[in-house]
Amino acid sequence: MSEPITRRDFLKAAGLAIGCLLATPKTVHALSEKEADPNDYIGMLYDATICVGCNACTNACRQWNKTTPELDAREVYDAPKELSADTWTLIQLYKENEEFSFVKRQCMHCVDPACVSGCPVQALQKGPNGAVTYDAERCIGCRYCMYTCPFHVPRFEWDQAQMPVVAKCTLCNDRLTQGIGGPACAERCPTGALVWGKRGDLIADAEGRIRAEPGRYVEHIYGKEDIGGTGVMYLSAVPFENLGLEDMGTDPAPKLSEDTANVLVPTVLVGGAIGLAAVRFASSRGAWEETWPV
Ligand code: SF4
Ligand code: SF4
């Protein structure tokens, strides 16, 4: 027979559990290196006026990251309709009357990422090169990053019964850190619609393109300052809202996620810990009844 559990044991165990959870590192401001200059981060510039929708970039992403194609009804073409745990980037078509444009979707690698600030266990991190990466070993599956991301990028492996994780574009951080090259998608683009480099250089490139052909573009570089700046930036001939790139102001998104995470997540975790403790005690009810006077 197992050792009886006393009231003292219960209070000690519950206190320890809550203490551990409250000691979980609080959400941190995403800029781990305060002195980092966002213009030195690696980023990408997508010029929607040059993109021909060939999907060379999306194929390159699949090949490098070994993600599974999402086939069409005839099972002939890789034809994902949205980002998913298996599709980290895709080209979508915007069309209205005579106006149309392609638009590439992927993680924006925000300068001050809400997903990083919101994650209660720092599974998402902003690296010194600007890439926002994800550590599945740390992830507890709360999916709070999916809620905080203003671009709805992180996706969950809903079809995985065991240990599902979150997935998203990594900016090909493995290629960057191992000196293999730039992001696979940008390196494969045959038209120059997608280029990569230091964020500051990309901004100068984008400004030059607008200056050279002012009638061609909306006079705005999406991501230069939007939502605190992003690593992936856009040029377009049609209003950015039409491409699903909303005007969200220039303040970084993390403030809201930090405030919410610092209250909500510990509350949920502590509640869960107490619930688990209750379940555990219920399962040892025999010993409980012997020692807990009611
Ligand atoms: S786009 Fe979303 S997932 Fe990507 S860095 Fe920004 S907040 Fe994080
Ligand atoms: S940067 Fe890498 S992971 Fe991200 S969309 Fe491009 S190829 Fe895919």
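The values are calculated or read from the model by the stated rules, or taken from the named source; none is laboratory data. As the structure is a computational prediction, the values presented were derived from the model and not from experiment. Counting neighbours? That spans all protein chains shown, and the Cβs are built from the backbone with ideal geometry, glycine included.
Here's a check for you: in the stretch 36-55, which residue that is within 15 Å of ligand 2 (Cβ to nearest atom) and farther than 23 Å from Lys198 by Cβ is surrounded by the most Cβ atoms within 10 Å (Cβ to Cβ)? Once the filter is applied, the top-ranked residue is Asn55. The one condition from (1) within 13 Å of ligand 2 (Cβ to nearest atom); (2) at pLDDT below 95 that Cys169 does not meet is (2).
Listed here are the strands (runs of 3 or more DSSP E) enclosed by the stretch 79-139 that have at least 1 residues being of a type in the set (Asp, Glu) and over 16 Å from the mean Cα position of the chain (by Cα): 90-96, 99-105.
Of the residues Gly192, Gly223, the single one that is touching a residue at least 60 places away in the same chain (Cβ under 8 Å), assigned by TED's automatic domain parsing to the domain that holds Leu45, more than 13 Å from ligand 2 (Cβ to nearest atom) and within 18 Å of the chain's Cα centre (by Cα) is Gly223.
Give just the number: which of (1) closer than 27 Å to Ile227 by Cα; (2) touching a residue at least 60 places away in the same chain (Cβ under 8 Å); (3) of a type in the set (Gly, Ala, Ser); (4) within 16 Å of ligand 2 (Cβ to nearest atom) does Ala136 not satisfy? Of the numbered conditions (1) closer than 27 Å to Ile227 by Cα; (2) touching a residue at least 60 places away in the same chain (Cβ under 8 Å); (3) of a type in the set (Gly, Ala, Ser); (4) within 16 Å of ligand 2 (Cβ to nearest atom), the odd one out for Ala136 is (2).
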